[in-house]
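Asker: Structure in structure tokens, see below.
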Amino acid sequence: MRAIPRLSRLAASIGAASIAITAAASAQAAEYEWTFQASETAGEPSFKIKQEWAERIETMTDGRVAIEVLPINSVVGPTETLQAVSSGILQGHMTDPSYFSGQNPAFGMLGNLVGAWNDPYDFLEFMNNAGGEDLYNELVEPYGAHLVAAATFPLESIPSTVAIESLEDFERLKIRAPQGMVYNIFERIGATPVNLPGSEVYTGLEKGVIDAADSTVLSNNDAQGLHAFAPYPLYPGFHSMPMIAVSVNKDIWDGLPEDLQTTLETAFDAMAYDLIARLKAQDIEALARLQEDPEVHPFDLPDEERKAFRQAAEQEWQEWAGKNEMTQKVYDAATGFLTARGQL
């Protein structure tokens, strides 16, 4: 008489195990499994937000697309991700195109038209509604990648070991800057730029290799502990608002069904706005905390100093415009956009 309940329990156990195995197999059966490399270290708030993006993509596509996001230098160096995406070593990246200025200066202009954007939403409007994304794909697709969406950061900060209260204080200042336009503009205002990847900013400031850094947003810098060595952050930033190119291998993109292409574009466009809002909130919180710290002295450059920097930047834009046909297209599109809105 006891055998029947035992058999029933055994059958129920086997059934439950079967369901669990089937569910696990289903969860693992992503049609597309990709590895992306980002341009931040693992501890930065913006990197964690990018990882959340990837998790949402998996949910939004019902598990058909699974993306693993790795921090800077995990697979290749920051200047090598475009080639890695093209060759299939990586399936995609989320990075600043300025790293690829050595391959074509137009990457530097689209990646970071230094001094152009007063607000990150202006940049997104240019990319999404004024031809910026089409221009970028015209540039990048011959390199074997396709831009899914463009994102950017809120206004950046410059952590510094010395007080900077005017452009004159940049004279001979050793400042970390990536290769490309931002490097040249800092030279133009008298600084001594040093080309270091973002992952080396901490040790560079700690050891005195650099005096200051063009280095992401205030909350990211604070999370990395930079203000222990650089207690004079310029904030809000006036200089750099780098693009985050969310790109995939072009052959992979071309082979995706239209519904997945649309989902990825829609999702990453929405997440670009989410990134700005969340980092801005974190920056405001970090600023309030730093203003109460007697050892840290945030400073905002006066309007006349910002105007002088913008004038130096515009001169550099004009020089870059003449480098090739693509740089001229970027210059014409961006200055046309800014002029139409009374910002130039």
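Asker: Say whether the condition of being in a loop (DSSP other than H, G, I, E, B), in contact with a strand residue (DSSP E or B) (Cβ under 9 Å, 6 or more places away or on another chain) and open to solvent by 40 Å² or more (accessible area, probe 1.4 Å) is met by at least one residue in region 228-240.
Answerer: Taking every residue of region 228-240 in turn, at least one turns out to be in a loop (DSSP other than H, G, I, E, B), in contact with a strand residue (DSSP E or B) (Cβ under 9 Å, 6 or more places away or on another chain) and open to solvent by 40 Å² or more (accessible area, probe 1.4 Å).
Asker: Give the residue that is modelled with the highest pLDDT, with candidates limited to residues of region 43-100 that are closer than 25 Å to L196 by Cβ and among the charged types (D, E, K, R).
Answerer: E80
Asker: Also, quick follow-up: For Q261, state whether it is free of Cβ contacts under 8 Å to residues at least 40 places away in the same chain and either among the basic types (K, R) or under 30 Å from D62 (Cβ atoms) (or both). Step through it out loud before you land on a result.
Answerer: Details: free of Cβ contacts under 8 Å to residues at least 40 places away in the same chain: yes; either among the basic types (K, R) or under 30 Å from D62 (Cβ atoms) (or both): yes.
For Q261, the condition - free of Cβ contacts under 8 Å to residues at least 40 places away in the same chain and either among the basic types (K, R) or under 30 Å from D62 (Cβ atoms) (or both) - is met.
Asker: V209 - would you say it is in contact with a Ser or Thr (Cβ under 8 Å, 6 or more places away or on another chain), of a type in the set (V, I, T) and open to solvent by less than 10 Å² (accessible area, probe 1.4 Å)? Can you show your working first?
Answerer: Details: in contact with a Ser or Thr (Cβ under 8 Å, 6 or more places away or on another chain): yes; of a type in the set (V, I, T): yes; open to solvent by less than 10 Å² (accessible area, probe 1.4 Å): no.
It is false that V209 is in contact with a Ser or Thr (Cβ under 8 Å, 6 or more places away or on another chain), of a type in the set (V, I, T) and open to solvent by less than 10 Å² (accessible area, probe 1.4 Å).
Asker: Something else: How about region 51-72: which of its residues are in contact with a helix residue (DSSP H, G or I) (Cβ under 8 Å, 6 or more places away or on another chain) and either under 15 Å from V248 (Cβ atoms) or buried (at least 21 other Cβ atoms within 10 Å of the Cβ) (or both)?
Answerer: We begin by selecting, within region 51-72, every residue in contact with a helix residue (DSSP H, G or I) (Cβ under 8 Å, 6 or more places away or on another chain); these are 53, 56-57, 60-61, 63-69, 71-72.
W53, I57, T61, R64, V65, A66, I67, E68, V69, I72, listed by residue number.
Asker: Next up: Within region 82-98, take every residue that is in contact with a helix residue (DSSP H, G or I) (Cβ under 7 Å, 6 or more places away or on another chain) and open to solvent by less than 20 Å² (accessible area, probe 1.4 Å) and give me the one that is farthest from T327 (Cα to Cα).
Answerer: It comes out as L90.
Asker: A further question follows. Pick out, from region 114-214, the helices (runs of 4 or more DSSP H) lying fully within it that include 1 or more residues that are in contact with a helix residue (DSSP H, G or I) (Cβ under 7 Å, 6 or more places away or on another chain) and either at positive phi or touching a residue at least 60 places away in the same chain (Cβ under 8 Å) (or both).
Answerer: Details: elements: 120-129, 132-140, 181-188, 201-206.
Answer list for region 114-214: 120-129, 132-140, 181-188.
The values are calculated or read from the model by the stated rules, or taken from the named source; none is laboratory data. Just so it is clear, the structure is predicted and the values come from calculations on it, not from any experiment. Glycine also receives a Cβ, built like all others from the backbone with ideal geometry; neighbour counts cover every protein chain displayed. Remember, those area values only see protein heavy atoms, side chains included, never the ligands or the DNA or RNA. Shrake-Rupley method; radii C 1.70, N 1.55, O 1.52, S 1.80 Å.
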